[in-house]
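Enquirer: Sharing a structure with you now.
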Amino acid sequence: MKKSELREVIRKELSKLNEGKMAPQGVISDIGALTGQNDHTQARVMAAKLLKDKRLITAYEAIERLNSYFSYMPNELDVIRRRLDKNLSALLKKKFDNADEILQNL
């Protein structure tokens, strides 16, 4: 087998491994429900749990606790959450084929 043929076979096999990763529709609905209840940070915690990203989960839970402490979302905390959102979005798009649907519900 030629080197170019081997590369093509490997590329096809890798694409098979990466395709078809879909987030469960029930979880997407739950994320949308939390957003509908104006619980945006908890919706992001659920999305981070879907990714199994412990650092993001911890960060969003910390924001949730601070939000609860202040009884509102301070501007500085919102800036931090938006920075985390960029990372969350990139990771969702990398892992799930239906990431856009998840992001629409956040």
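The values are calculated or read from the model by the stated rules, or taken from the named source; none is laboratory data. Please read these numbers as outputs of a predicted model, since none were measured by experiment. Cβ sites come from the backbone with ideal geometry, for glycine too, and all protein chains shown count toward neighbours.
Enquirer: Taking Ile57 and the conditions (1) modelled with pLDDT under 95; (2) surrounded by 13 or more Cβ atoms within 10 Å (Cβ to Cβ); (3) not hydroxyl-bearing (Ser, Thr, Tyr), which numbered condition does it fall short on, given that it satisfies the others?
Expert: (1)
Enquirer: Here's another thing I want to ask about it. Restricting the search to segment 41-81, which residues are among the small types (Gly, Ala, Ser) and free of Cβ contacts under 8 Å to residues at least 24 places away in the same chain? Spell out the reasoning first.
Expert: Of all residues in segment 41-81, those among the small types (Gly, Ala, Ser) come to 43, 47-48, 59, 62, 68, 71.
Across segment 41-81, the qualifying residues are Ala62, Ser68, Ser71.
Enquirer: While we're on this one: Mind telling me which of the residues Leu92, Leu84, Leu103, Leu88 ends up being free of Cβ contacts under 8 Å to residues at least 40 places away in the same chain and part of a helix (DSSP H, G or I)?
Expert: Values: Leu92 fails: free of Cβ contacts under 8 Å to residues at least 40 places away in the same chain; Leu84 fails: free of Cβ contacts under 8 Å to residues at least 40 places away in the same chain; Leu88 fails: free of Cβ contacts under 8 Å to residues at least 40 places away in the same chain.
Only one candidate passes the filter, namely Leu103.
Enquirer: Being modelled with pLDDT of 90 or more and under 19 Å from Lys95 (Cα atoms) narrows it down to one of Met46, Met22, so name that one. Before the answer, list the steps.
Expert: Details: Met22 fails: modelled with pLDDT of 90 or more.
It is Met46.
Enquirer: Considering only residues that are surrounded by 11 or more Cβ atoms within 10 Å (Cβ to Cβ), of a type in the set (A, V, I, L, M) and either over 14 Å from the mean Cα position of the chain (by Cα) or not in a helix (DSSP H, G or I) (or both), which ones fall in segment 17-54?
Expert: Met22, Ala23, Ala33, Leu34
Enquirer: Can you pull out every residue in segment 74-103 that is farther than 21 Å from Gly26 by Cα and touching a Lys or Arg at 6+ places or on another chain (Cβ under 8 Å)? Even if it seems obvious, please write down each step before you answer.
Expert: At the first step, the residues of segment 74-103 found to be farther than 21 Å from Gly26 by Cα are 74-87, 90.
Within segment 74-103, Arg81, Leu84, Asp85 qualify.
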